[in-house]
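The values are calculated or read from the model by the stated rules, or taken from the named source; none is laboratory data. Keep in mind it's a predicted model, so treat the numbers as computed, not measured. Note: ideal-geometry Cβ built from the backbone for every residue, glycine included; neighbour counts use all protein chains shown.
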C-alpha cells in the first residue's frame with residue numbers, strides 16, 4: 001500500500017530539471033501489514049465463519065484471555081480465542097497500554113471433523129511476562145467478515161468500563 005501511495009505522489013510531481021526546489025526523501029521503513037479480506041459468510045454448522053462465531057464470542061467476552069501465575073511469571077493465554085479462530089481474521093493484544101501487537105492465529109483444520117481444534121503443531125496459545133506485570137489487556141478481534149470488536153479487561157479477565 002505504501003508503494004502505491006509513493007507511486008501516486010511521484011506521478012503527481014511535475015517533471016523538472018531538479019532545480020525547482022522540490023526534494024523527495026526516501027521513505028522510512030514501515031512494518032508491512034498483510035491486507036485482510038472478507039470471507040463468504042455461510043452458516044456451515046462447523047463454526048468456521050464470523051456469522052457462527054461472533055455470537056459465541058460476544059457471550060463469552062470474560063473468557064477471551066486469561067492471566068495465570070506460573071513458575072515465577074505471568075502467562076497470558078488466548079486459548080478461548082484460538083478455539084474460535086476459524087471465524088477470525090486476526091487478533092491484536094495490548095498489555096498495559098503498549099502498542100497493539102498482532103498475535104498469529106494457527107490455521108483452521110478444515111479437513112478435520114473439528115476445524116477449530118488446537119493441535120500440537122499449532123504451538124502454544126500463551127506468552128510469558130514478568131510476574132505481576134500484567135494489569136490490563138486490550139483485545140481487538142477482527143472477524144473474517146472484517147468487523148472489529150474491542151475489549152479491555154483487567155488481570156482477572158473481567159471487562160473494564
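Between 144, 132, 122, the distinction of being touching a helix residue (DSSP H, G or I) at 6+ places or on another chain (Cβ under 7 Å) and either in contact (Cβ under 8 Å) with a residue 24 or more places away in the chain or surrounded by 15 or more Cβ atoms within 10 Å (Cβ to Cβ) (or both) belongs to 144 only.
Taking the conditions exactly as written (in a loop (DSSP other than H, G, I, E, B) and within 14 Å of the chain's Cα centre (by Cα)), does residue 124 satisfy them or not? When the stated conditions are applied, residue 124 does not pass them.
Just one of the listed residues (138, 133) is more than 19 Å from residue 48 (Cβ to Cβ) and assigned to a strand (DSSP E or B), namely 138. Go through the residues of the stretch 96-104 one by one and say whether even a single one is in contact with a strand residue (DSSP E or B) (Cβ under 7 Å, 6 or more places away or on another chain), in contact (Cβ under 8 Å) with a residue 12 or more places away in the chain, more than 19 Å from residue 157 (Cβ to Cβ) and in a loop (DSSP other than H, G, I, E, B). No: zero hits. Inspection of the stretch 29-46 identifies no residue that is part of a loop (DSSP other than H, G, I, E, B), at pLDDT 85 or above and surrounded by 14 or more Cβ atoms within 10 Å (Cβ to Cβ). Taking residue 62, is it surrounded by 14 or more Cβ atoms within 10 Å (Cβ to Cβ) and in a strand (DSSP E or B)? Against the criterion (surrounded by 14 or more Cβ atoms within 10 Å (Cβ to Cβ) and in a strand (DSSP E or B)), residue 62 does not qualify.
A count restricted to the stretch 65-114 and to residues that are surrounded by fewer than 17 Cβ atoms within 10 Å (Cβ to Cβ) and in contact with a helix residue (DSSP H, G or I) (Cβ under 6 Å, 6 or more places away or on another chain) stands at 1.
Here is the figure for the stretch 69-88: residues that are in contact with a strand residue (DSSP E or B) (Cβ under 8 Å, 6 or more places away or on another chain) and part of a loop (DSSP other than H, G, I, E, B) total 1.
Taking only the stretch 147-161 into account, find how many residues are out of contact with any strand residue (DSSP E or B) (no Cβ under 8 Å at 6 or more places or on another chain), over 21 Å from residue 53 (Cβ atoms) and in contact (Cβ under 8 Å) with a residue 40 or more places away in the chain. Of the residues in the stretch 147-161, 1 are out of contact with any strand residue (DSSP E or B) (no Cβ under 8 Å at 6 or more places or on another chain), over 21 Å from residue 53 (Cβ atoms) and in contact (Cβ under 8 Å) with a residue 40 or more places away in the chain.
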